[in-house]
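Right, one structure below, let's go through it.
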Amino acid sequence: MSQLKHSGLKVYNTLTRHLDDFEPIHPVRVNMFVCGPTVYDVSHIGHGKTYVAYDIIARYLRWKGYSVFFVLNITDIDDRIINRAKESGEDPLKLSERFAQAFYKDMKHLHVNSMNLYAKASDYIPEIISQIQGLVDKGIGYKIEGGVYYDISKFPDYGKLSRQNLEQLTVHRVDPDPEKRNPGDFVLWKTQKPGEIAWDSPWGKGRPGWHIEDTAITLTHFGPTYDLHGGGADLIFPHHEAEIAQAEGLTGQKPLAKYWAHTGLLSIKGQDMHKSLGNFVSIQEAIQKVGVEALRVLYASTHYRSPLDYTEDTLVQAASLARRFRRAYDQTQIAGGMKSESKDVPNTLKRQVAEARTEFFAAMDDDFNTPRALAAYIRIVGIAEELGKSPTTESASVVLGAMRDLASILGLLETESVPRQEFLQLVNLLSSLRNELRVKREYALSDRIREQMQKAGVTVEDEAQSA
C-alpha cells in the first residue's frame, strides 16, 4: 500500500488536548483497544453509537493501508453482574456469558465486524494477579482488609488524562475506606465477601478490580505501549486514568497509549437512558424498527466525539436517508446491467465523483469526521440519481465503484433482504413486461406494476409513447 494513503490523518487526542498527526508506533501497524460493555443486561443504542464509531475508525485505518489489531474487552466480572446474578439466582459467570453472547449478536447485526479479538476479563486472572504482584513489589500496591489498593501518591502523573489534580480527583470517591492511604486510592483486588465468586491469590480469595482487567489485557497483547485507546467520554476518569497509572507505574514506560479517543454519549430527548425512566431502547428493538443501515446513518450523522440526542424525528430522517442510499445504489446497478451505445464516461461526471471522493477522505482524515464524510457521500448519491435519467453502463460503473468504496468505510450497503442478482433480474423482467404493456396501451396494469416497483424502492420513469 502506498505511503500516500497513510498521510494526512489527524486525530483529536484526549491526552494532549490537540488534533495530533496520526503516526503509529510501527509505520504500518495499529494496535487498538476499546473498552467494551459490562455484560449484565442487553446492550442499548448508546452502546451501539460507541462501537459503530470505533468500527468506522478501524475500517478507515484499514482502508488507508494499516494492519489493525483491534481488541475489545468484555467485563464479565463486576459488582453489577454479581448483584444481578443474586437477584436471578444464577451463577455470575453464566449470566455474564449469556449477555456476552447477546452482545456478540448485536454487533454482528450492526455490522460491527472489525474487531480481531473479544477479550473477556475472566480469561486473564493469572495475568491480573501477576501485575498486581508487580505493583505490590514496587511499593505502589498495598494490602488492607478490603483488598489490594493502588497508592496514587506514588504515581506523580495521576490525573494527566483528565487534567485534574489530586485534590480534585479525591473529592468524590465511591469506595471510602479509613484504612486507605489516600482517599483517591483505587482497588486492584477485592477481598471475597460471603457468597461471592472468587479466585485464589497471594492476598487470599477475591476478584479483580475493574481497572486492572483492561491493563492485563493490553499488556498481554500489545506490551507496555500501543497506539490507540478508545471508550466513552464517561470513562476518562476514573477508569482510563487508573489504567495509565497501573501500566506506567508497573512498566516504567510511557505512554500506555499514544492516542486516546473518546466518544460522546447518547441521550433520549435530553435524558440519560434508564429502564426506570421507560426510555431504554435496546439495539435489537431499534434494528427491528428501522433496520441496521438507518442506525448506522444515524450514528454517522454525529461526530464520534459529540453527544447524540436520540429522538423519533432523527431516527425517521436517518431511515429516509438510508432508503435513499439503497434506492440509488439499486438503480445504478440496474443501469450498469443495461446495454448502452456510449462507451465514454463524461468528463463532468468523472470530475464530480472525484471531487466528492476527495471531500469524503478529507473529512475522514480530519479526526474521522463522519458528518462531513456523509455529506460527501450524499453528493455521490445525487450523482447516481441524476445518472438514472440517462444511464450508460460505463458511467454507472464509475459511480457504483465510488458508492461501494465509501460505503465500505461507513458500513453501509451491506444488508441484502433479497440477493442482489435475483433482485436485479426481477426488476429487469418487470421493466420489460411494463414496456410490452405500454406498447399494447394497457396503461392501468402498467401503472400498477410501476407503483409496486416504486414501493420497493425502484424508480421508474416512462418516456412518452408515440401515437
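The values are calculated or read from the model by the stated rules, or taken from the named source; none is laboratory data. Computed from a predicted structure; not experimentally measured. When we count neighbours, we look across all protein chains shown, and the Cβ atoms used for this are built from the backbone with ideal geometry, even at glycine. Quick note on the areas: whole protein, heavy atoms, side chains included, nothing else; ligands and nucleic acids left out. Shrake-Rupley method; radii C 1.70, N 1.55, O 1.52, S 1.80 Å.
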ask   = Being among the acidic types (Asp, Glu) and over 17 Å from the mean Cα position of the chain (by Cα), is that true of even one residue in the range 41-62?
value = yes
ask   = Among all residue pairs at least 6 apart or on different chains, which show Cβ distances below 8 Å where the first residue, located in the range 375-398, is among the charged types (D, E, K, R) and the second is open to solvent by 50 Å² or more (accessible area, probe 1.4 Å) and in a helix (DSSP H, G or I)?
value = ARG379/GLN352; ARG379/GLU355; ARG379/GLU359
key: Some residue of the range 353-371 being among the polar types (S, T, N, Q), free of Cβ contacts under 8 Å to residues at least 40 places away in the same chain and in a helix (DSSP H, G or I)   = yes
inquiry  = Scan the range 345-359 and tell me whether some residue there is closer than 18 Å to LYS64 by Cα and open to solvent by less than 10 Å² (accessible area, probe 1.4 Å).
reply    = yes
Number of the exception - SER306 against (1) open to solvent by less than 40 Å² (accessible area, probe 1.4 Å); (2) under 21 Å from ILE45 (Cβ atoms); (3) in contact (Cβ under 8 Å) with a residue 40 or more places away in the chain; (4) outside any helix (DSSP H, G or I) = (1)
key: Close pairs from the range 208-230: first open to solvent by 10 Å² or more (accessible area, probe 1.4 Å), partner of a type in the set (Asp, Glu) and not in a helix (DSSP H, G or I), Cβ under 8 Å, at least 6 apart   = TRP210/ASP78
ask   = What number of residues within the range 363-373 are out of contact with any Phe, Trp or Tyr (no Cβ under 9 Å at 6 or more places or on another chain) and open to solvent by less than 10 Å² (accessible area, probe 1.4 Å)?
value = 1
note = Sole miss for LEU188 among (1) outside any loop (DSSP other than H, G, I, E, B); (2) modelled with pLDDT under 95; (3) closer than 20 Å to GLY134 by Cα is condition (2)
key: Selection within the range 309-333 - β-branched (Val, Ile, Thr) and open to solvent by 30 Å² or more (accessible area, probe 1.4 Å)   = THR311, THR314, VAL316
ask   = Across the range 193-207, what is the total count of residues that are within 20 Å of THR38 (Cα to Cα) and either without any contact (Cβ under 8 Å) to a residue 12 or more places away in the chain or surrounded by fewer than 24 Cβ atoms within 10 Å (Cβ to Cβ) (or both)?
value = 5
key: Spans of strands (runs of 3 or more DSSP E) in the range 194-284 with at least 2 residues within 23 Å of the chain's Cα centre (by Cα)   = 226-232, 257-263, 266-268
ask   = On the given criteria, is HIS274 in contact with a helix residue (DSSP H, G or I) (Cβ under 9 Å, 6 or more places away or on another chain) and either open to solvent by 70 Å² or more (accessible area, probe 1.4 Å) or at pLDDT 95 or above (or both)?
value = no
task = Determine if the range 413-426 includes at least one residue that is open to solvent by 50 Å² or more (accessible area, probe 1.4 Å) and at pLDDT 85 or above.
result = yes
message = Just to verify a result, which residue in the range 83-135, among those that are farther than 19 Å from VAL71 by Cα and among the aliphatic types (A, V, I, L, M), is most open to solvent (accessible area, probe 1.4 Å)?
response = LEU93
ask   = If you go through the range 68-80 one residue at a time, do you hit one that is farther than 30 Å from LYS190 by Cα and modelled with pLDDT of 95 or more?
value = yes
ask   = Can you spot a residue in the range 66-82 that is without any contact (Cβ under 8 Å) to a residue 24 or more places away in the chain and either open to solvent by 10 Å² or more (accessible area, probe 1.4 Å) or in contact with a Gly (Cβ under 8 Å, 6 or more places away or on another chain) (or both)?
value = yes
Selection within the range 247-265 - of a type in the set (Ser, Thr, Tyr) and open to solvent by less than 10 Å² (accessible area, probe 1.4 Å) = TYR259, THR263
query = Which one of the conditions (1) part of a loop (DSSP other than H, G, I, E, B); (2) among the hydroxyl-bearing types (Ser, Thr, Tyr); (3) within 27 Å of the chain's Cα centre (by Cα) does SER390 fail to meet, given that it meets all the rest?
reply = (3)
